[in-house]
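Here is the structure we will look at, set down as structure tokens.
The values are calculated or read from the model by the stated rules, or taken from the named source; none is laboratory data. Predicted, not measured: the structure shown is a model, and the values here were computed from it. Positions of Cβ are generated from backbone atoms using ideal geometry, with glycine treated the same way; all protein chains shown enter the neighbour counts. Keep in mind that these areas ignore ligands, DNA and RNA; they rest on the heavy atoms of the full protein, side chains included. Shrake-Rupley method; radii C 1.70, N 1.55, O 1.52, S 1.80 Å.
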Amino acid sequence: MEKSHGSDQNRTDGKVTRVDGESLPGENGSDAYSTVCGFVREGAQLVGIHDRLLERILNPDRELKVEIPMSMDNGDQRLFHGYRIQHNNARGPYKGGVRYHPKVDMQEVRALASLMTWKTAVLGIPFGGAKGGVSVDPSTLSDAELERLTRRYTSEIEPIIGVNTDIPAPDMGTDAHTMAWIMDAYSRHRGYSPGVVTGKPISLGGAYGRKEATGYGVAIVTREAIKRMQKNIKGARIVIQGFGNVGSYAAKSLEDMGALIVGIGDRDSSKYNPKGIDVNAAIKLQEKEKTIKKLANAEEISNEKLLELDCDVLIPAAIESVLHEGNAKQIKAYLVVEGANAPTTREADVIFGDRGIVVVPDILANAGGVTVSYFEWVQNTQRYRWTLAESNERLESALVKAFHAVYEEAEKLEVSLRIASYAIAVRNVAEATELRGSY
């Protein structure tokens, strides 16, 4: 691997420039993509990655924007914009979810694709990073419209995805049924191909435990972090912002470990009970009403106050940039575990470090989903299914191993868990890139 030399070794700001003198991706800006690139540069500096190699692994391999014209149920014609960004495949096929959300755009997808590269690398999963999405509010579409949208989007990205090329998965606004439509649309062109997506229904080759995997993984990593800090998970007071798939399963898993869930929140409502939230009741209500607003035996509070509650552990498990310069000094938890992608801005990360708040970064904390997606892909390619117990055992083993590797790297380098995670990930991607060479 190329090492830094000369004046590069003395840089302390983590900034490098392209060999042609231009800025590297994300060098200037405060958006999520710039934030991710900044962390990558810091990790690269620690492990001595040369500017030319860093330029190569920061830049996405391919960015595709597609137009999706569609007939609505009422006969109207609408045009939607879709994206698929393949960031890096040095370590294996591209891997990443498909998001349906009104705010999906090229910059957001670019940041999420980059995160997937580093997430798979820090876990040692033989995949690269990708992400896709459509700018749409799925709640405004009928099931028939969602299916038509998904099939047309699949037909537009079909030339660049494949079982050994790029494997989509569910993300915000999509689910197992969405993956079934993608798999079917792709298979009609290429032959039966269950491995082209993960997160599918069980009856179509999905893996047991995939739906719960991200939230369960967050709980495992939280437990290990608390243990490393010589504290106890039993009785630990936990607040979870976001009560969808990730937040709800994290809450249930942590409760099963003996933790006390004192605060939860979704887009419409936040609830607080210092004696503990009834997690099972909250999950049932969320499934029925799509909100926890009517949850009994808990105080209604603002979404902003939820993040600032007196607790031991704060788990942001919803959207990006909810922890920022404006509220970072009010956070009372001693541990933040990032269940969402990029929930902490760079400015907040610095404040947390100065205050001694430990942050388990997203590329490690929420990697349970992509880990079990990898398991699903392996099972599809082998045409053999594992039991739920086998999948959970392998997931726990992978996350525990990765967490402690990162923790020990952080101690050795005297840096945060986030920068240690990026150092490991960047080193793994850079090594694979150099070994494969240029073509």
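Odds and ends about this structure:
- Any hit, region 239-252, residues being open to solvent by 10 Å² or more (accessible area, probe 1.4 Å), in a strand (DSSP E or B) and either polar (S, T, N, Q) or on the phi > 0 side of the Ramachandran plot (or both): yes
- Pairs where the first residue, in region 42-68, is assigned to a loop (DSSP other than H, G, I, E, B) and open to solvent by less than 60 Å² (accessible area, probe 1.4 Å) and the second is among the polar types (S, T, N, Q) and at pLDDT 90 or above, C-beta under 7 Å, 6+ apart: Pro60/Gln86
- Taking region 137-146 as the range and being open to solvent by 50 Å² or more (accessible area, probe 1.4 Å) and either within 18 Å of Lys200 (Cα to Cα) or part of a helix (DSSP H, G or I) (or both) as the test, the residues that pass are Ser139, Thr140, Asp143.
- Checklist (1) part of a helix (DSSP H, G or I); (2) open to solvent by less than 20 Å² (accessible area, probe 1.4 Å); (3) within 17 Å of Ile85 (Cα to Cα); (4) in contact with a strand residue (DSSP E or B) (Cβ under 7 Å, 6 or more places away or on another chain) applied to Leu149, failing item: (3)
- Residue match in region 81-96 (condition: open to solvent by less than 40 Å² (accessible area, probe 1.4 Å), among the small types (Gly, Ala, Ser) and within 15 Å of the chain's Cα centre (by Cα)): yes
- Residue, modelled with the lowest pLDDT, within region 274-287, restricted to residues that are within 26 Å of the chain's Cα centre (by Cα) and open to solvent by 50 Å² or more (accessible area, probe 1.4 Å): Glu287
- Note on region 198-238: residues that are more than 20 Å from the chain's Cα centre (by Cα), on the phi > 0 side of the Ramachandran plot and surrounded by 19 or more Cβ atoms within 10 Å (Cβ to Cβ) total 1.
- Total residues in region 414-439, condition in a helix (DSSP H, G or I) and open to solvent by 70 Å² or more (accessible area, probe 1.4 Å): 4
- Filtering region 386-404 for residues that are out of contact with any Asp or Glu (no Cβ under 6 Å at 6 or more places or on another chain), under 17 Å from Ala425 (Cα atoms) and among the hydroxyl-bearing types (Ser, Thr, Tyr) leaves an empty set.
- Residue count for region 152-203, restricted to those that are in a helix (DSSP H, G or I), over 19 Å from Gln379 (Cα atoms) and of a type in the set (Gly, Ala, Ser): 2.
- Selection within region 370-401 - among the small types (Gly, Ala, Ser) and either at pLDDT below 95 or open to solvent by 10 Å² or more (accessible area, probe 1.4 Å) (or both): Ala389, Ser397, Ala398
- First in region 302-317 and closer than 13 Å to Ile357 by Cβ, second anywhere and open to solvent by 50 Å² or more (accessible area, probe 1.4 Å) and of a type in the set (Lys, Arg), Cβ under 6 Å, 6 or more apart: Cys311/Arg237; Asp312/Arg237
- Checking region 296-308 against the condition returns a match, with at least one residue being under 25 Å from the mean Cα position of the chain (by Cα), among the hydrophobic types (A, V, I, L, M, F, W, C) and either open to solvent by less than 40 Å² (accessible area, probe 1.4 Å) or at negative phi (or both).
- Pick from region 253-273, criterion modelled with pLDDT under 95 and open to solvent by 60 Å² or more (accessible area, probe 1.4 Å), ranking: farthest from Ala333 (Cα to Cα): Asp268
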